[in-house]
1. For residue 569, which lysines qualify as cross-link partners when the Cα separation must be under 20 Å and same-chain residues fewer than eight apart are set aside?
2. Round to the nearest 10 and report in Å² the accessible area of residue 588, as given by a 1.4 Å probe over the protein chains' heavy atoms.
3. Put a dot 7 Å past each Cα toward the Cβ at residue 225 and residue 8; how far apart are the dots in nm?
4. Quick check: with the 1.4 Å probe, what order do 164, 618 take by accessible area, largest first?
5. Taking 7 Å along the Cα-to-C-beta vector as the label spot, tell me the residue 619-residue 316 distance in nanometres, rounded to one decimal.
6. What is the P(r) of segment 264-414, as percent of Cα-Cα pairs per 10 Å bin from 0?
7. What whole-number value in Å² describes the accessible area per residue of segment 1-242 for a 1.4 Å probe?
8. May I ask you to evaluate 6.51 cos²θ - 1.76 cosθ + 1.60, the Karplus curve with θ = phi - 60°, for each residue of segment 626-636 and list the ³J(HN,Hα) values in order in whole Hz, giving x for glycine and proline?
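The values are calculated or read from the model by the stated rules, or taken from the named source; none is laboratory data. Keep in mind that what you see is a predicted model, and the values were worked out from it rather than measured. Here the Cβ is made from the backbone with ideal geometry for all residues, glycine too, and neighbour counts use every protein chain on show. Heavy atoms of the whole protein, side chains included, go into the accessibility calculation; ligands, DNA and RNA do not. Shrake-Rupley method; radii C 1.70, N 1.55, O 1.52, S 1.80 Å.
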Amino acid sequence: MFRLITCITVQHSFTDLIFATIICVLGSVLAMRLFSRVRRTQGIQRLNWLFLSGFVGGSTIWTTHFVAMLGYKTPVVNGYDPTLTLISLVVGVVMTIAGFSIASVSRKGALIEAGGVIVGLGIVLMHYIGIAAYQAAGQLEWDRAYVITSIISGAFFGAVATNRIGRPVTRFCKYGSSSALILAIVSTHFIGMAGLTINLDPSIPLSPEIISGGIMTGIVCAVMAIILLLGASTYVIDMQSTQAAVERYRHLALHDPLTNLPNRAAFNDHLAGLTNRPADMAAHVAVLCFDLDRFKEINDVHGHSAGDHVLRTVAERLGNAMQHGEFVARVGGDEFVAVMRDYFIRADARALAQRVLDEVTKPIEWNEHILFVGSSVGISTFPGQASNVDDLLSQADIAMYRAKSTVSNTICFYDPSMDQAARERNALAIEMREGLKRGEFELYYQRQNDTVSREVVGFEALLRWLHPQRGMVSPVEFIPIAEKTGFIFELGEWVMRAACAEAASWKRPLRIAVNVAPQQLTDPRLPGLVHEILLESGLSAARLEIEITESSIISDHQYALHAIRQLKKLGVKVAMDDYGTGYSSLSTLQSFPFDKIKIDRAFIDGVVTSKQSAAIVRSTLILAASLDIPVLAEGVEREEHMEFLRNEGCLQVQGFLFGKPTPRSGIEDIVNGTDGAAGEPDAEANAELRGEQGKAAA
C-alpha cells in the first residue's frame, strides 16, 4: 500500500494528475451516459450510440493514461513509440465498444457484467500496451503481484460500471456507474505503475522516431478535447431532441387534435390544481359546461367536414375570448368546458357565460353557406355543493341540461334540487331495463274512429309503465330517458312485437298504429325487424301503420326516405305524426310517400275558438286532399271538434270523445265482437273531461 501511495504522490506530477483526473471524470461520466442510451434504443440509432459511447470511453481511458504518464517522474530520457501509442488507442476504443456491445445485448442476464469485465480488461490491455510504447534509457521490471492485482481491479470495477447501468436500483445508479469506470481506469493505472521499476542504463539507445513528451502532450490534449466536445455536443443535442419530443407528445396528449384546445385530461389537471388551492383564498372556481345546439343537423345536412369547420371556428373564437384566469377545453364531440379561477360573485361567471354565448352564436361561413349554432350554459362553483372535480363537472352538466329545457342560449346556475331530479332520471333509466324484464310495461290502446259512421277503424298502441313503487309512470318521463340512453331500441322493439302479436289475435281485422322514435328510424335494422315481426306474429302488413314524427325526417332526409320506402315495400302503412309541430313543409309531403297525416292536438283544441287554428287545420285538409293523403285529427274531445272536422272533410279522428287509452281488456268487445264497434262517445271519458273543464272554469 505504501508503494502505491508513493507512486501516486511522489512519482507523478501533481499538476498532470489534476489534469488527468479532470479528463477521466468528464470522459467517464459522458461515456456511461452515452452507454445508457444504447440500452434504451434499437436499430441504427442503437449502433450510433454504441460507437459513440465506446469511442468516448476508449479515448478517455487512453488519454487519462498518457496524461498521467506525461507526469511520471523519471531521471532518464524518455519518449513514446508512435506505432504502439496508436495501437493502444485503437485497443482501448475497440475493447470498450466490444464490452458495451456485450453488456447491452441482455436485459437481465450475466452478459451485463461480462461486458463490463471486457471493458475492464480493455483498460488493462491498453495500459500495458501504452507502457510498452514508453521508451526510456533503462530496463523495465514488473512486480507480478501488482500486475495481477491491476488486472483484477480493472475487470472488477468494469463489471460494476455496467452493472449499475444494466441493473439500476435507485436513480443514483448512473453516478455509481461513472464512479466505477473512474476507479477501473485509475486503479489499473496506479497499481500497474506501482509495480514498475526502471533500472537506468544509458547504453540503451532510443529510437529516433519516438515522440517527445511535449509533442505527446499537445497530441493528447487535442485528441481528448475534440472527443469530449464531440461526445458532449451529441449528448446535449439528443437531450434537447428528447425534451422537444416529450413536450410534443405531452402537447398531443393534452390537446384536442381537431381544435388544438386543451382536452379532457388537460382540463382535469387544470381543475385539480385549482381545487387544491388553500381553502382560505377568497376567490372561488366556476366551471361552465356547454355544447352546440343544432350541431347534429349541420353534420347531417352539410356533412362532417362542415361540422369540423364549425368546431374549429368556435374553438378559435372561444380561445381568443378567454381572459386572464380563464381556461377553455373541448371535452368531447361538441361539448366544451370553461373554467374561471377568480370567481367572487355570480355576475363574474355570468359575464364569462355571456361572452361564450356571444362567440358561439356568431354566424359561421362555410362553402358559401352561413351556418348558425346555439348553446346553453350550465355553471357550478367550488367550494360549494361539489366535493371533488367529478362532482363539479357533473353539476355543471346538470345545470346545462336544465338550461336546455327552457330556451336556447340561456344560462343556468346549479342548484341542489337539480341533482335530485338528475338522480331520479338515472334511477328511472336503470329501473326501465329491469322493468321490461319483469313485465311491468303494458300496451294501452286508443280508438281511431271514422268521422261519418263513428265506427272504430283502428287503434294506436300506447306504452304504459306500471312501476311497483312509483305507480303509473308517464311516458313523458321515461320515453326521453330511453331515447337519451339508447334503451329506446330495445323498448321500441318490444312495443312493436307486443302490438303486432295482439292485433294478430283479434277477430276483427282492425289497423294497429305503432309509434317509432327518431333513433329507431335511423337504425338500418328497422325494415328487417318489422318484416321478421310480421312473419312471427302472422299479422297482415296492411294492418300495421307506423307513425313517425317530422323531427325523425329532418335529422337525415335521405336515409329517412330510404327507410320509409323499405317499410312500404313490405306493405306497411306509414303516417306522419304530430303534423304542424315540427319542420312542416310542402317539400316534405311531396318527397315522402305518406299514407296518412295526423294533425297535432294543439291545433284541434282551438278550431272552435281560434280563427288561426281553424285556418291551419282547414289548409292542412285542403293540402292533403290535393295530394290524396288521408288525414286523422288527434285530440278530439268535444262534439264541436267533431262537427268542424266532419264539415271540413277530415276522414278519421282520435281522442277522448270516443274513449281514453285502455288496456286490452277494455277493447275486448270491439276487437273480438260487435259491441261498441259503433264508437259512441265514451261516457266516462266525457264525464272526466267535463269535470276537468269545470275545475278550470272555477
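1. Within the straight-line limit of under 20 Å, residue 569 reaches these lysines: 596.
2. Probe radius 1.4 Å; accessible area of residue 588 about 20 Å².
3. 2.9
4. 618, 164
5. 4.1
6. Over segment 264-414, the share of Cα pairs per 10 Å bin runs 11, 43, 32, 11, 2, 0 percent.
7. Heavy-atom SASA per residue in segment 1-242 reads 46 Å².
8. Taking θ as phi minus 60°, the curve returns 5, 9, 6, 10, x, 10, 10, 9, 8, x, 7 Hz for segment 626-636.
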